[in-house]
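Enquirer: Before anything else, here's the structure in question.
The values are calculated or read from the model by the stated rules, or taken from the named source; none is laboratory data. Every value quoted in this text rests on a predicted model; they were computed, and no experiment measured them. Here the Cβ positions follow ideal geometry from the backbone for every residue, glycine too, while neighbour counts run over all protein chains shown. Just so you know, the surface numbers come from the protein's heavy atoms only, side chains and all, with ligands and any DNA or RNA stripped out. Shrake-Rupley method; radii C 1.70, N 1.55, O 1.52, S 1.80 Å.
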Amino acid sequence: MASASEFQHTVGKIASLSGTSLHTGEKVSLKLHPAPVDHGIKFKRRDLQDEPTIDATIDNLKTVERATTIGEGSVRVHTVEHVLAALSAIAVDNSIVEMDANEPPIGDGSAQPYVDLIKRAEMIVQEEPRRFFDVREPMYVESKTGALLVLLPDEKFRISCTQAGPNNRFTQYLSMEVTAAAFEREIAPARTFVFYEDVQPLMEKNLIKGGSLENAIVVRGEAVLSKEPLRFPDEFVRHKVLDIIGDLALVGRRIRGHVVAAKPGHSANADLARAVAREQTRRSALSVTRAVPRGDSGFDTDEVMQILPHRFPFLMVDRIISFEGETKCIGIKTVTINEPFFQGHFPGHPVMPGVMQVEAMAQVASILLFKLAKTTSRIGYFMSADGVKFRKPVLPGDTIFIHAELTRSRGERLAKAKCHCVVNDAVVSEGELMFTFLDK
Ligand SMILES: [Zn+2]
């Protein structure tokens with residue numbers, strides 16, 4: 001049985017929060033609305049014409065100076081990280097965050113007001129499973145300012161963070177598993193902190209009109225200034241963890257992995273979110289539906305054989321399952337123990353020869369070329385192959401998904417295609433092939 005935590009959640013009703021925005025000092029009210037499955041988190045600017053919405057995704061990230069700003073077109077929402085941290089950690093997958101200004105209320109500089117808001121909105125479970133990003137291999141980002149973030153495989157979402165101020169003052173360390181309960185207890189109350197030398201020029205330029213000792217801790221020399229005493233002896237590193245959670249929420253999936261962060265900041269956090277999103281895109285591109293369609297979207301065996309002159313034992317494509325525009329297609333080849341090459345390659349240890357995979361790529365690419373040229377009166381000769389790599393063995397019983405993309409055609413006579421073969425979501429071989437055409 002899947003537990004409730006594996007299903008998406010939204011809020012059961014609208015709840016609102018009012019306050020002051022940090023940078024402009026204006027009054028702002030923020031409302032959480034329910035949203036359907038797979039909607040994600042979107043910000044809505046009610047104060048603008050047509051009430052535009054902005055997806056809280058890494059693709060919409062605009063700036064990371066002191067706070068995280070997202071935008072689409074000319075519309076911006078600033079300082080989204082604290083509300084996103086609360087939504088992500090308390091685990092609201094789908095919601096519209098409606099505001100009547102360009103920045104959420106700063107509150108006390110922590111995520112506590114947002115945790116309280118989510119509780120008032122009463123979370124409800126939805127019918128679709130959550131989307132996760134499972135870290136499979138270590139990844140890392142490093143910035144010129146000395147930030148280093150490493151993401152390691154882990155079954156849980158964990159963060160181990162080292163925070164260090166100027167001259168390594170206020171160095172603090174915290175390691176935890178990020179759960180809703182731990183976030184609420186250990187992280188949400190931790191307030192924003194600033195070093196006096198960093199904010200003084202901003203105050204002079206009047207760029208933080210809403211800033212005060214009520215919504216930030218100011219460190220001046222060794223003195224810690226705030227309206228309320230420190231909530232934790234290590235409040236600074238806790239707030240750093242809060243910001244990491246908020247910035248990584250832009251990935252749009254729940255991360256199962258261990259973030260090890262040294263001197264993190266919004267810029268490095270965003271770089272890691274971007275790296276995760278890129279890896280996710282790469283994985284999605286590899287995964288092809290297991291149900292192989294028949295019909296108009298591709299070519300059946302008969303149509304393949306009308307185009308390709310190859311016959312047993314050299315026809316290496318069973319079917320074309322899809323075309324994407326004129327330049328991309330995917331073919332399949334089901335590899336059986338009856339393939340003649342297994343008799344000699346190798347007895348007792350059948351492995352599909354790499355050159356046969358290259359042949360399969362060439363045949364799928366040829367189908368693309370002939371479809372484009374709309375003639376079968378010429379024959380394509382395979383001229384060269386660059387960057388050919390064989391990454392994993394192909395065994396009897398495997399189904400190979402052969403991806404081909406035309407990258408260049410020079411006149412009528414030459415063409416290049418980027419190809420790769422996929423088995424069980426992993427690339428088993430790849431290469432760039434060049435063809436020339438001759439009349440039959
Ligand atoms: Zn923050």
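To keep it simple, each residue is scored yes or no on (1) within 16 Å of the ligand (Cβ to nearest atom); (2) assigned to a loop (DSSP other than H, G, I, E, B).
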| site | (1), (2) |
| --- | --- |
| 241 | yes, no |
| 276 | no, no |
| 305 | no, no |
| 315 | no, yes |
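Enquirer: So how many residues does the stretch 23-42 have that are among the aliphatic types (A, V, I, L, M) and over 29 Å from the mean Cα position of the chain (by Cα)? Can you show your working first?
Expert: Filtering the stretch 23-42 for residues among the aliphatic types (A, V, I, L, M) gives 28, 30, 32, 35, 37, 41.
After this cut, where a residue has to be over 29 Å from the mean Cα position of the chain (by Cα) as well, the list is 28.
So the answer is 1.
Enquirer: Which residues, taken from the stretch 19-36, are in contact with a strand residue (DSSP E or B) (Cβ under 8 Å, 6 or more places away or on another chain) and either part of a strand (DSSP E or B) or modelled with pLDDT under 95 (or both)? Break it down into steps so the answer makes sense when it comes.
Expert: In the first step, residues of the stretch 19-36 are kept if they are in contact with a strand residue (DSSP E or B) (Cβ under 8 Å, 6 or more places away or on another chain); the result is 19-21, 26-36.
Within the stretch 19-36, 19, 20, 21, 26, 27, 28, 29, 30, 31, 32, 33, 34 qualify.
Enquirer: Does residue 95 count as open to solvent by less than 40 Å² (accessible area, probe 1.4 Å), away from the ligand (no atom under 14 Å from the Cβ) and farther than 20 Å from residue 270 by Cα? Full working, then the answer.
Expert: Values: open to solvent by less than 40 Å² (accessible area, probe 1.4 Å): yes; away from the ligand (no atom under 14 Å from the Cβ): yes; farther than 20 Å from residue 270 by Cα: yes.
Here the answer is yes, as residue 95 does meet what is asked.
Enquirer: Which number in (1) at pLDDT below 85; (2) more than 30 Å from the chain's Cα centre (by Cα) marks the one condition that residue 345 misses?
Expert: It fails just one condition, (1).
Enquirer: Here is a list of conditions, (1) free of Cβ contacts under 8 Å to residues at least 40 places away in the same chain; (2) within 15 Å of the ligand (Cβ to nearest atom); (3) assigned to a helix (DSSP H, G or I); (4) among the β-branched types (Val, Ile, Thr), and residue 281 meets all of them except one; can you say which number that is?
Expert: (2)
Enquirer: I would also like to ask the following. Is there a residue being part of a strand (DSSP E or B) and under 17 Å from residue 299 (Cβ atoms) anywhere in the stretch 349-366? Spell out the reasoning first.
Expert: Filtering the stretch 349-366 for residues part of a strand (DSSP E or B) gives none.
No, the stretch 349-366 contains no residue that is part of a strand (DSSP E or B) and under 17 Å from residue 299 (Cβ atoms).
Enquirer: Looking only at the stretch 204-224, which residues are over 22 Å from residue 102 (Cα atoms), open to solvent by less than 70 Å² (accessible area, probe 1.4 Å) and not β-branched (Val, Ile, Thr)?
Expert: Listed by number, the residues that qualify are 221, 223.
Enquirer: Return the total of residues in the stretch 154-172 being hydrophobic (A, V, I, L, M, F, W, C), over 27 Å from residue 254 (Cα atoms) and out of contact with any helix residue (DSSP H, G or I) (no Cβ under 6 Å at 6 or more places or on another chain). Full working, then the answer.
Expert: Going through the stretch 154-172, the residues hydrophobic (A, V, I, L, M, F, W, C) turn out to be 157, 159, 161, 164, 170.
Still in the running and over 27 Å from residue 254 (Cα atoms): 164, 170.
Now drop any that are not out of contact with any helix residue (DSSP H, G or I) (no Cβ under 6 Å at 6 or more places or on another chain), which leaves 164.
Within the stretch 154-172, residues that are hydrophobic (A, V, I, L, M, F, W, C), over 27 Å from residue 254 (Cα atoms) and out of contact with any helix residue (DSSP H, G or I) (no Cβ under 6 Å at 6 or more places or on another chain) number 1.
Enquirer: Just one of 257, 246 is within 14 Å of the ligand (Cβ to nearest atom) and either out of contact with any strand residue (DSSP E or B) (no Cβ under 8 Å at 6 or more places or on another chain) or assigned to a strand (DSSP E or B) (or both); which is it? Can you show your working first?
Expert: Details: 257 fails: within 14 Å of the ligand (Cβ to nearest atom).
The match here is 246.
Enquirer: Let me ask you something else. Would you be able to tell me the number of residues in the stretch 323-348 that are exposed (fewer than 15 other Cβ atoms within 10 Å of the Cβ) and part of a strand (DSSP E or B)?
Expert: Residues meeting the conditions: 2.
Enquirer: Another question, then. Based on what the data block shows, is residue 392 surrounded by 13 or more Cβ atoms within 10 Å (Cβ to Cβ), of a type outside the set (A, V, I, L, M, F, W, C) and assigned to a helix (DSSP H, G or I)?
Expert: Numbers: surrounded by 13 or more Cβ atoms within 10 Å (Cβ to Cβ): yes; of a type outside the set (A, V, I, L, M, F, W, C): yes; assigned to a helix (DSSP H, G or I): no.
No, not satisfied.
Enquirer: Now a separate question. Say whether the condition of being open to solvent by 40 Å² or more (accessible area, probe 1.4 Å), free of Cβ contacts under 8 Å to residues at least 40 places away in the same chain and touching a strand residue (DSSP E or B) at 6+ places or on another chain (Cβ under 7 Å) is met by at least one residue in the stretch 420-429. If you could, list the steps in order and put the result at the bottom.
Expert: From the stretch 420-429, those open to solvent by 40 Å² or more (accessible area, probe 1.4 Å) are 420, 424-425; that's our starting set.
Okay, now just the ones that are also free of Cβ contacts under 8 Å to residues at least 40 places away in the same chain, so 424.
Still in the running and touching a strand residue (DSSP E or B) at 6+ places or on another chain (Cβ under 7 Å): none.
Within the stretch 420-429 (the criterion being open to solvent by 40 Å² or more (accessible area, probe 1.4 Å), free of Cβ contacts under 8 Å to residues at least 40 places away in the same chain and touching a strand residue (DSSP E or B) at 6+ places or on another chain (Cβ under 7 Å)), the answer is no, since none of the residues qualifies.
Enquirer: A further question on this structure: Given 100, 116, 108, which one is open to solvent by 10 Å² or more (accessible area, probe 1.4 Å) and within 14 Å of the ligand (Cβ to nearest atom)?
Expert: Details: 100 fails: within 14 Å of the ligand (Cβ to nearest atom); 116 fails: within 14 Å of the ligand (Cβ to nearest atom).
Selected residue: 108, the only one of 100, 116, 108 that is open to solvent by 10 Å² or more (accessible area, probe 1.4 Å) and within 14 Å of the ligand (Cβ to nearest atom).
Enquirer: Could you please find all residues in the stretch 222-239 being within 11 Å of the ligand (Cβ to nearest atom) and either over 20 Å from residue 111 (Cα atoms) or in contact with a Pro (Cβ under 6 Å, 6 or more places away or on another chain) (or both)?
Expert: Within the stretch 222-239, no residue meets the criteria.
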